[in-house]
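**Q** The structure is given below, and queries will be raised subsequently.
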Amino acid sequence: MTYPILYSFRRCPYAMRARLAIASSGIQVELREIILRDKAPEFLETSPTATVPCLKVGERVVDESLHIMAWALGQNDPENLMQMPTEGYSLMSTYDGTFKQALDRYKYPNKYPEIDPIENRDAASSFIHELEQRLDGNLFGSDPKLADFAILPFIRQFAHVDLDWFSAQPWEKTKVWLQNFKDSDRFAAIMDKYPKWANGDAPTYFPHQD
Ligand SMILES: N[C@@H](CCC(=O)N[C@@H](CS)C(=O)NCC(=O)O)C(=O)O
């Protein structure tokens, strides 16, 4: 049997969301860990954008993280992640757009020397204020949905730029939402460490089975 191949990078939030959806779906893939500064030639031949995550299913290439989530959950969605209001999709696109832009300018000040990182931290924070109004355990009630898994890796990235600062903010619901995610078995299952993949290695299957 041949498995779909997922090119992934452990710490990439886009790859995390893809792994979250794949783990939820119960589909097994072969995971190939990519190092961004030394990308495997097979990955570069597969991904038209040379970004992770990238999924290869037979001859088909799925190169966008949200499309990989939809691919996995479109086949099997035992946790009903796709059962969310359509508003969830506009939330996802806001976080992928304006929020992520502010996050990058806050997190990587060296890449944007002419831009004030704190102004961008403030811009990103305005989205967290909105989350505070919305959260009720998760974005659409007590159970996580597609939008929770699509957005949480980026909230984690935002928090981890300066965890002391983030922890001192009065964002109680967001902090609990993020902490529950980080403490979850699902998160632990997608954050296993794998060595860099090279052609000829024995396959690594994901999710890992004991
Ligand atoms: N739109 C893509 C973005 C993926 C992306 O930007 N991934 C980053 C890593 S977090 C990447 O591979 N960057 C290429 C590089 O750094 O060379 C998706 O949603 O899958």
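**Q** Within region 147-166, identify whether any single residue is in contact with a Lys or Arg (Cβ under 8 Å, 6 or more places away or on another chain) and basic (Lys, Arg), and answer yes or no.
**A** Yes, because at least one residue in region 147-166 is in contact with a Lys or Arg (Cβ under 8 Å, 6 or more places away or on another chain) and basic (Lys, Arg).
**Q** Further question: Please verify whether residue 59 is among the acidic types (Asp, Glu) and either more than 23 Å from residue 204 (Cα to Cα) or assigned by TED's automatic domain parsing to the domain that holds residue 181 (or both), treating the condition exactly as stated.
**A** Taking the combined requirement at face value, the residue does not satisfy it.
**Q** Also: So if I check each of 96, 116, which one is among the acidic types (Asp, Glu) and touching a Leu at 6+ places or on another chain (Cβ under 9 Å)?
**A** 96
**Q** Exactly one condition in (1) crowded, with 16+ Cβ neighbours inside 10 Å; (2) more than 12 Å from the ligand (Cβ to nearest atom) is not met by residue 87; state its number.
**A** (1)
**Q** Taking region 6-16 only, how many residues are out of contact with any strand residue (DSSP E or B) (no Cβ under 8 Å at 6 or more places or on another chain) and near the ligand (Cβ under 8 Å from one of its atoms)?
**A** Total satisfying the criteria: 4.
**Q** Condition first: more than 15 Å from the ligand (Cβ to nearest atom) and either of a type in the set (A, V, I, L, M, F, W, C) or closer than 18 Å to residue 154 by Cβ (or both). Now tell me which residues in region 110-122 satisfy that.
**A** 112, 115, 117, 118, 120, 121, 122
**Q** If I filter region 56-83 down to residues being in contact with a strand residue (DSSP E or B) (Cβ under 7 Å, 6 or more places away or on another chain) and near the ligand (Cβ under 10 Å from one of its atoms), which single residue comes out as nearest to residue 16 (Cα to Cα)?
**A** Checking each candidate, the answer is 68.
**Q** Looking only at region 40-56, which residues are of a type in the set (D, E, K, R) and either crowded, with 17+ Cβ neighbours inside 10 Å or not assigned by TED's automatic domain parsing to the domain that holds residue 14 (or both)?
**A** 56
**Q** While we're looking at this one, here's another question. Among the candidates 19, 37, which residue alone is in a helix (DSSP H, G or I), near the ligand (Cβ under 9 Å from one of its atoms) and not small (Gly, Ala, Ser)?
**A** Just a single option satisfies the conditions, and that option is 37.
**Q** I'm trying to understand the selection: among the residues of region 136-164, which are hydrophobic (A, V, I, L, M, F, W, C) and free of Cβ contacts under 8 Å to residues at least 12 places away in the same chain?
**A** 163 - this is the single residue of region 136-164 that is hydrophobic (A, V, I, L, M, F, W, C) and free of Cβ contacts under 8 Å to residues at least 12 places away in the same chain.
**Q** List every residue pair whose Cβ atoms lie under 8 Å apart, where the two residues are 6 or more positions apart in sequence or sit on different chains, the first residue falls within region 40-57 and is closer than 22 Å to residue 27 by Cβ, and the second residue, located anywhere, is charged (D, E, K, R) and within 8 Å of the ligand (Cβ to nearest atom).
**A** Filtered contacts from region 40-57: 47/63; 51/63; 54/63; 55/63.
The values are calculated or read from the model by the stated rules, or taken from the named source; none is laboratory data. Source: prediction; values computed, not measured. Counting neighbours? That spans all protein chains shown, and the Cβs are built from the backbone with ideal geometry, glycine included.
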